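Notes follow once the structure below has been shown.
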Amino acid sequence: MRKIKVTQIKDKVKKLFLKANYHINQDFLLRLEKALKEEISPLGKIVLKMIIENNKIASKEEVPICQDTGLAVVFVDIGQEVHLVGGDFTKAINQGVKEAYQEGYLRKSVVDDPVFERKNTKTNTPAIIFTDIVPGDKIKFTVMPKGFGSENMSALAMLKPDDGPEGIVNFIVETVRKAGPNPCPPTIIGVGIGGTADKAMVIAKKAIARKIGSYNKNEKYAAMEREILKKINNLGIGPAGLGGKITSLAVHIDYSPTHIAGLPVAVNVCCHAARHTEGIL
Amino acid sequence: MKEAIKITTPLYEEKVIQLKAGDLVSITGYIYAARDVAHRRIFEIINKGKKLPIQIKGQIIFYAGPTPAKPGYPCGSVGPTTSYRMDPYTPPLLDKGLKGMIGKGLRSKEVIESIKKNKAIYFATIGGAAALISKSIKESEVVFYEDLGTEAIYRFYVEKFPAIVVIDSDGRNLYEIEPPKYANQ
């Protein structure tokens with residue numbers, strides 16, 4: 001067994017949220033620069049230039065890329081050889097989030113009771129934590145400050161097995177069309193297919209954090225990713241929804257086995273402030 | 001591309017009706033920032049027939065909630081939040097004299113009709129470009145509902161705030177005009 005102190009977890013989570021909120025990933029910035037070359041709409045080009053400039057300012061000055069510094073989503077892959085010591089795992093993650101948001105001048109956007117009180121917790125906690133137990137003696141964190149302009153455009157369809165690839169493609173493209181300018185395009189479209197309703201959405205969210213523009217290893221799914229991206233970019237929505245060729249930068253599909261009676265499809269939309277980063281303990 | 005049109009606040013009808021969907025603008029002067037809860041509270045005040053906390057006539061409301069300002073900065077990062085959540089509260093505010101809104105995203109039919117009726121205007125600025133947009137904010141103060149934290153009503157003094165006319169006072173909507181030009185290209 002490898003012992004890992006929960007204070008190490010707290011420190012790691014804190015560091016990763018600060019990094020994610022200030023510094024956009026380099027591969028994503030390159031993808032935006034490529035999009036600027038591809039865009040033909042004059043307004044779309046202006047928008048993309050502003051987005052690129054914004055990312056550079058945020059990184060240089062270490063200020064938040066977007067004022068919506070999001071709900072703190074944390075995916076944790078815990079090696080089964082790890083023994084956590086020195087306190088409570090969940091509390092440590094929340095403490096890391098709290099310290100990042102309070103000390104890093106990040107916005108606290110969490111309300112406690114979602115319906116009646118809606119009182120701000122002032123710590124941006126609780127975080128949304130997904131854990132997986134995996135082989136090995138390490139812990140891998142993927143943190144994602146998830147803004148709600150794009151999160152609100154998420155959708156789930158419990159399709160029939162016979163709806164097949166065509167049904168899936170139509171549902172995803174229609175979801176993006178209806179969202180229009182709202183989720184801050186150019187977006188990344190995370191798609192989860194299979195599992196249960198909840199499982200599909202978690203897969204969709206995790207797919208957002210894949211390397212930008214990477215394709216599914218299964219060629220049939222990769223072909224569907226390409227087809228959907230093409231159809232989305234034919235909608236004409238464009239950067240900031242002001243018209244153009246670049247509405248989405250990537251479609252990332254992941255999948256899971258499902259029930260004989262079902263074909264769950266979840267869409268989780270990520271705005272162009274595509275903030276996520278990884279770290280290992 | 002056209003140069004940005006310089007405008008100052010407060011807004012007057014003579015100026016507003018000259019601005020057309022697609023015009024780039026650069027705004028200088030005081031603007032207010034308010035979002036969900038502040039809108040709901042103002043709406044309740046209007047319904048009760050009481051006095052509004054801010055003088056709304058000719059003003060611009062920016063749908064936004066900033067991050068806390070870093071030491072030495074007048075304001076934290078701040079960009080627009082999605083506007084549709086403010087739709088139910090918007091027509092009464094326009095009837096009270098609100099002239100401009102800055103946000104992002106689609107508006108309801110009712111809001112567009114009210115924009116036409118009141119000769120008002122809806123601007124968008126770029127969602128997610130909050131570090132860049134904050135460079136145009138020179139002063140920031142909470143003027144009402146301090147208890148709401150980031151959702152309070154702020155007053156910003158802005159210089160050359162970048163925005164674009166999305167819905168003009170004739171109801172022309174850039175979100176409907178532009179995308180079809182690039183569809184299926």
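At least 2 residues that are buried (at least 23 other Cβ atoms within 10 Å of the Cβ) and among the aliphatic types (A, V, I, L, M) in each: list the strands (runs of 3 or more DSSP E) lying fully within region B:34-147 that qualify.
Per the criteria, B:60-62, B:100-103, B:121-124.
Out of all the residues in region A:232-252, is one or more touching a residue at least 60 places away in the same chain (Cβ under 8 Å), assigned to a loop (DSSP other than H, G, I, E, B), over 19 Å from residue A:150 (Cβ atoms) and assigned by TED's automatic domain parsing to the domain that holds residue A:154? Yes: one or more hits. Among the residues of region B:49-71, at least one is polar (S, T, N, Q) and touching a residue at least 40 places away in the same chain (Cβ under 8 Å). Considering every residue within region A:143-159, establish whether at least one is in a strand (DSSP E or B), within 12 Å of another protein chain (Cβ to nearest Cβ) and within 23 Å of residue B:82 (Cβ to Cβ). Looking through region A:143-159, at least one residue is in a strand (DSSP E or B), within 12 Å of another protein chain (Cβ to nearest Cβ) and within 23 Å of residue B:82 (Cβ to Cβ). Criterion applied to A:273, A:240 was being under 17 Å from residue A:20 (Cβ atoms) and either in contact with a helix residue (DSSP H, G or I) (Cβ under 8 Å, 6 or more places away or on another chain) or small (Gly, Ala, Ser) (or both), and the one residue passing it is A:273. Only one of the listed residues (A:20, A:35) is more than 9 Å from every other protein chain (Cβ to nearest Cβ), touching a Lys or Arg at 6+ places or on another chain (Cβ under 7 Å) and crowded, with 18+ Cβ neighbours inside 10 Å. That residue is A:20. Residue under question is residue A:231, and the condition is that it be farther than 23 Å from residue A:152 by Cβ, surrounded by 18 or more Cβ atoms within 10 Å (Cβ to Cβ) and either within 14 Å of chain B (Cβ to nearest Cβ) or under 16 Å from the mean Cα position of the chain (by Cα) (or both); does it hold? Here the answer is no, as residue A:231 does not meet what is asked.
Note on region A:93-146: residues that are free of Cβ contacts under 8 Å to residues at least 40 places away in the same chain and more than 19 Å from residue A:8 (Cβ to Cβ) total 17.
For region B:1-29, the set of residues classified as in contact with a helix residue (DSSP H, G or I) (Cβ under 7 Å, 6 or more places away or on another chain) and crowded, with 16+ Cβ neighbours inside 10 Å consists of B:7, B:21, B:22, listed by residue number.
Return yes or no: is residue A:59 within 14 Å of another protein chain (Cβ to nearest Cβ), of a type in the set (Ser, Thr, Tyr) and over 22 Å from the mean Cα position of the chain (by Cα)? So residue A:59 fails the test. Within the option set A:256, A:248, A:214, being within 16 Å of the chain's Cα centre (by Cα) and surrounded by fewer than 16 Cβ atoms within 10 Å (Cβ to Cβ) holds for one residue only, A:214.
For every residue, the table says whether it meets (1) of a type in the set (A, V, I, L, M, F, W, C); (2) under 15 Å from the mean Cα position of the chain (by Cα).
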| residue | (1), (2) |
| --- | --- |
| B:16 | yes, yes |
| B:20 | no, no |
| B:35 | no, yes |
| B:71 | no, no |
| B:78 | yes, yes |
| B:102 | yes, yes |
| B:109 | no, no |
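Every residue, every condition in (1) of a type in the set (A, V, I, L, M, F, W, C); (2) farther than 30 Å from residue B:23 by Cα, yes or no:
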{"residue": "A:55", "(1), (2)": "no, no"}
{"residue": "A:68", "(1), (2)": "no, no"}
{"residue": "A:78", "(1), (2)": "yes, yes"}
{"residue": "A:98", "(1), (2)": "no, yes"}
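Between A:163, A:137, A:88, A:77, which is within 23 Å of the chain's Cα centre (by Cα), more than 13 Å from every other protein chain (Cβ to nearest Cβ) and either among the charged types (D, E, K, R) or on the phi > 0 side of the Ramachandran plot (or both)? That would be A:77, the only listed residue that is within 23 Å of the chain's Cα centre (by Cα), more than 13 Å from every other protein chain (Cβ to nearest Cβ) and either among the charged types (D, E, K, R) or on the phi > 0 side of the Ramachandran plot (or both).
Among the residues of this structure, residue A:148 counts as one that is among the aromatic types (Phe, Trp, Tyr) and more than 30 Å from residue A:3 (Cα to Cα).
For region A:1-27, a residue qualifies if it is modelled with pLDDT of 95 or more and closer than 19 Å to residue A:136 by Cβ, and the qualifying residues are A:2, A:3, A:4, A:5, A:6, A:8, A:9, A:12.
Look at region A:49-76: where a residue is without any contact (Cβ under 8 Å) to a residue 40 or more places away in the chain and a partner is among the polar types (S, T, N, Q) and surrounded by 20 or more Cβ atoms within 10 Å (Cβ to Cβ), sitting 6+ places away or on another chain with Cβ atoms under 8 Å, you get A:58/B:77. Restricting region B:167-182 to residues that are within 8 Å of chain A (Cβ to nearest Cβ) and crowded, with 16+ Cβ neighbours inside 10 Å leaves a set whose member that is nearest to residue A:121 (Cα to Cα) is B:175.
A quick yes/no check of all residues on (1) hydrophobic (A, V, I, L, M, F, W, C); (2) closer than 26 Å to residue A:107 by Cα; (3) away from chain A (no Cβ under 14 Å); (4) touching a residue at least 60 places away in the same chain (Cβ under 8 Å):
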residue	(1), (2), (3), (4)
B:25	yes, no, no, yes
B:41	no, yes, no, yes
B:76	no, yes, no, no
B:79	no, yes, no, no
B:86	yes, yes, no, no
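In region A:26-54, of all residues being in contact with a helix residue (DSSP H, G or I) (Cβ under 9 Å, 6 or more places away or on another chain) and among the polar types (S, T, N, Q), the one that is farthest from residue B:78 (Cα to Cα) corresponds to A:41.
Of the residues making up region B:145-185, those that are small (Gly, Ala, Ser) and under 26 Å from residue B:54 (Cα atoms) number 4.
The values are calculated or read from the model by the stated rules, or taken from the named source; none is laboratory data. Keep in mind that this is a model prediction, so the values were computed, not measured. Cβ atoms come from the backbone with ideal geometry, glycine included; neighbour counts cover every protein chain shown.
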